[in-house]
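Worksheet: the structure to be examined is printed underneath.
Each value in this text was obtained by applying a stated rule to the coordinates, not by laboratory testing. Everything numeric here is computed off the predicted structure, so don't read it as measured data. As a convention, Cβ positions derive from the backbone with ideal geometry for all residues, glycine included, and neighbour counts pool all protein chains shown.
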Amino acid sequence: MKKCLDEHLEVIKECAIDVISEEEIRAKLEKSFKLNKPLRLKIGFDPTARDIHLGHTVLLRKLRKLQDFGHLVYLIIGDFTAKIGDPSGKTCLRPVLSDKEIKSNASTYTQQAFKILDKKKTKVIYNSVWYKKMDLPRFLSLLSSYTVARILERDDFSQRLKENRPLTVLEIIYPLIQGYDSFKMDSDIEFGGTDQKFNLIVGRHLQQGFGQAPQAVVTMPLLVGLDGKNKMSKSLDNYIGITESSKVMFGKIMSISDEVMWEYYRLLSDRNIQEPKSIHPKEAKLSLAYDIVSFYHSKKAASLAKAEFIKVFSKKGLPLDIPAYKVPAPDFDIVDVLYKAKLISSKNEARRLLEQGAICLIDSCDTAKSVVIKDAALNLTSKGMIFKVGKKRFLKVTL
């Protein structure tokens, strides 16, 4: 039993930042083995966006390993809490989502989560189920269970007050409402990112206050996004969505820095880190991209994406599916065309790329023979023109 317990505990602690507390988790595991009853593992997502990205999978991967040991995952979809918006790490008010937006976002979450989690060992719960039934006396009882001073111990709250930034009452009570989920499902262990530590501990306190055994808390590192600085986030557009095409996913992974790559290996891969460190960083990154794309798509898709990437970026060839844009006349403005073809987000971005020499007219057979475009005004040849914008984007312009 001890060997089995230690194995479970090791998976729980693997890569974790906070474990509150190891002694409690050990006691919960001992009880689980003695009663032959799986632990209730809680994880929650507010559906504030439609897609799950690789940052979310850090937690989901750990939970899947624990499911393989027989434990149960309770996936809380915060369709009620999403109306408030989690203030964790935020320096300003979050936009309020409509019921329609929340429902639309939530509809994709479970499907995406089951790319990792075992559906048979996962219970999906929408937290609006109990909040819709909560009467005013029970709600007031919840609010009275925590002091304002204790809530304002949060660094982000105190900082916003110090800087005279708005802080609503709804945001202040958010940790209580999220924490109440733990009480309603009698959670044994709750998992979250390091930015969720305060909220998870509030859930622990609420359970104690309502006469339950407190949940243990395990926090995991926040995966760094494509910018190499901030946590992966859709709002920062530095994310890799798990439903993105194999080619896009492969290319995004290859764009991360070597330093960030090792963190991705540590948090997103089951490989022994010494294996990729023994080869050239470029080959290690190719292996990482192949592994991740294989998991979310297939080995065949990963092989094709890898071959395509090498062809474009290593052998100076052209991708197979260059988007095309037709112009009405031979004389055209490349800034205008790139914007209308939706290859860039604004004309200002196109002008900036033009000034930086990042827009090239390339030979259709060899991108090594590319010519930097200096003037936005161009005259189209009868065969059309292929442009390379930055390192990854291509566009064919035809009549």
* Taking 0.36 nm per intervening residue step and subtracting the Cα-Cα distance, what contour gain separates S235 from K391 on full extension? -> 53.8 nm
* Structure fact -> Links exceeding 19 Å between C-alpha atoms in this model, out of K65/K282; K342/K388; K231/K252; K65/K119, come to K65/K282
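Per residue, what volume in Å³ does the convex hull of the Cα atoms of segment 246-383 enclose?
Per residue, the Cα convex hull of segment 246-383 comes to 140 Å³.
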* Asked: Under Stokes-Einstein, with the Kirkwood radius over Cα pairs standing in for Rh, what whole-number D in µm²/s applies to segment 246-314 at 4 °C and 1.567 mPa s?
  -> 109
* Structure fact -> M254 neighbourhood, Cβ < 12 Å, K/R = +1, D/E = -1, net charge +4
* Rounded to the nearest 500 deg cm²/dmol, what is the calculated helix-only ellipticity per residue at 222 nm for the chain, with -39500 (n - 2.57) per DSSP H run of length n ≥ 4? -> -13000 deg cm²/dmol
* Expected-Rg normalisation [2.2 N^0.38 Å, Cα atoms] applied to segment 2-220 -> 1.01
* Structure fact -> Quick calc: nm separation of the 7 Å Cα→Cβ label points for E30 and V148 -> 4.4
* Would you list S257, S233 from fewest to most Cβ contacts within 10 Å? -> S257, S233
* Asked: Hey, how much of the P(r) for segment 324-398 falls beyond 19 Å, as a percent of Cα pairs?
  -> 24
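Starting from the Cα-Cα distance between S104 and T381, subtract it from 0.36 nm times their residue separation and give me the gain in nm to one decimal.
Numbers: separation 277, 0.36 × 277 = 99.72 nm, distance 4.60 nm.
Contour length minus the Cα-Cα distance gives 95.1 nm.
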* Regarding the chain, what are the three Cα extents along the principal axes, ordered largest first, in Å? -> 78, 51, 35
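Please return the longest stretch of the chain lacking exposed loop sites, where GluC sites (Glu not before Pro) count only if DSSP places them in a loop and at most 15 other Cβ atoms lie within 10 Å.
That would be 164-399.
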